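Peer 1: After the structure tokens below, expect a handful of questions from me.
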Amino acid sequence: MASSQGYFSVLLHAFVLATVATLGFSQLSPNYYDYSCPNALSTIKSVVEAAVQNENRMGASLLRLHFHDCFVNGCDGSILLDPSPTIDSEKNALPNVGSLRGFEVIDEIKQAVDEACGKPVVSCADILAIVARDSVVALGGPTWEVQLGRRDSTTASREAANANIPAPFFSLSELITNFKNHGLDEKDLVVLSGGHTIGYARCLNFKAHIYNDSNIDPNFAQYLKYICPRNGGDQNLAPLDSTAANFDVGYYSNLVNKNGLLHSDQELFNGGSTDALVQQYSYDNEVFFEDFASSIIKMGNIQPITGDQGQVRVNCRKVNY
């Protein structure tokens with residue numbers, strides 16, 4: 001009886017996740033701002049392009065903000081809220097503190113788009129989703145229609161961020177479970193991990209991999225040890241792949257050659273169920289681009305706040321009072 005109840009509970013959880021995702025998707029539209037602010041998307045794009053042109057690493061930082069926002073309590077802009085007496089900011093969560101960047105660019109975009117619209121019309125959550133797309137395009141990646149109409153949360157949770165954002169030391173089974181808990185499948189895991197084709201990681205996050213793991217090319221590990229000594233150097237940076245300023249399939253080629261920077265990256269190609277997909281993406285840029293666009297749209301529809309729930313923040317860092 002207990003096992004049948006447990007099975008029913010799993011089915012119910014899966015049903016609720018599917019229902020929430022479907023309801024969220026049905027209330028979002030790529031045309032959401034066509035009448036209320038027709039210049040919104042072009043305004044955002046111009047600021048993103050300037051920011052990435054000024055510093056190509058910014059593209060990866062802006063993409064990561066969207067990922068880390070969606071993986072906490074859904075894509076609701078909570079990642080942008082600063083600490084306050086009523087906000088336990090997700091910026092101070094272990095995966096984020098001292099690591100997330102790009103908040104000033106979001107501030108600049110918010111100011112520019114509000115001026116273009118004549119008032120606060122575009123939510124901070126939608127800004128994150130649009131900026132993710134525009135950053136990928138600016139670095140040579142695919143484009144996609146961003147579903148819009150999210151509203152902003154009035155709360156944040158450092159505890160939820162600590163619990164829900166995938167860690168760089170996760171095993172493949174832990175990664176699969178984490179993504180499944182967000183309504184994402186094994187293919188989404190492999191595809192969205194391809195976001196690591198751009199950007200950098202801190203020594204703190206790959207030190208254990210280069211000193212303790214055996215599934216890493218010895219020459220690659222030795223090179224990284226100059227950047228990341230066994231003692232100290234935790235904030236030193238290394239590129240997540242060999243073409244970190246270009247959105248391409250280099251990330252997957254690196255995994256096939258055991259040159260994954262993070263333990264969690266190399267887990268995707270380590271004799272497990274995701275090997276074949278990594279192998280395919282390593283030589284098929286077109287398929288990767290198509291699949292990345294599909295999976296990030298799916299991720300962007302994780303539990304959005306819509307309708308008359310939440311708010312459209314005047315300042316992305318603060319709740320409207």
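Peer 1: Could you grab me the full set of residues in the range 32-44 that are farther than 29 Å from F179 by Cβ and either part of a helix (DSSP H, G or I) or open to solvent by 20 Å² or more (accessible area, probe 1.4 Å) (or both)?
Peer 2: Across the range 32-44, the qualifying residues are D34, Y35, S36, P38, N39, A40, S42, T43.
Peer 1: Considering only helices (runs of 4 or more DSSP H) fully contained in the range 169-263, which possess at least 1 residues that are free of Cβ contacts under 8 Å to residues at least 40 places away in the same chain and under 27 Å from N73 (Cβ atoms)? Step through it out loud before you land on a result.
Peer 2: On the way: elements: 172-181, 186-193, 203-212, 218-227, 250-256.
Hits in the range 169-263: 172-181, 203-212.
Peer 1: When you scan the range 285-306, do you find a residue that is assigned to a helix (DSSP H, G or I), β-branched (V, I, T) and closer than 23 Å to S78 by Cα, even just one?
Peer 2: Looking for residues that are assigned to a helix (DSSP H, G or I), β-branched (V, I, T) and closer than 23 Å to S78 by Cα, one finds at least one in the range 285-306, hence yes.
Peer 1: Exactly one of these conditions fails for R313: (1) under 18 Å from the mean Cα position of the chain (by Cα); (2) surrounded by 22 or more Cβ atoms within 10 Å (Cβ to Cβ); (3) among the basic types (K, R). Give me its number.
Peer 2: (1)
Peer 1: What residue, among those in the range 265-310 that are over 24 Å from V136 (Cα atoms) and of a type in the set (A, V, I, L, M), is surrounded by the fewest Cβ atoms within 10 Å (Cβ to Cβ)?
Peer 2: A276
Peer 1: Restricting to the range 170-179, count the residues that are over 29 Å from Y32 (Cα atoms) and surrounded by 15 or more Cβ atoms within 10 Å (Cβ to Cβ).
Peer 2: Here the count works out to 5.
Peer 1: A further question on this structure: Take the residues of the range 158-168 that are small (G, A, S) and not in a loop (DSSP other than H, G, I, E, B): which is farthest from V72 (Cα to Cα)?
Peer 2: Of everything passing the filter in the range 158-168, A163 is farthest from V72 (Cα to Cα).
The values are calculated or read from the model by the stated rules, or taken from the named source; none is laboratory data. Note that the structure is a prediction, hence the values are computed from the model and not measured. Don't worry about glycine lacking a Cβ; one is built from the backbone with ideal geometry, like all the others, and counts go over all protein chains shown. Ligands, DNA and RNA are excluded from the accessible area calculation, which covers all protein heavy atoms including side chains. Shrake-Rupley method; radii C 1.70, N 1.55, O 1.52, S 1.80 Å.
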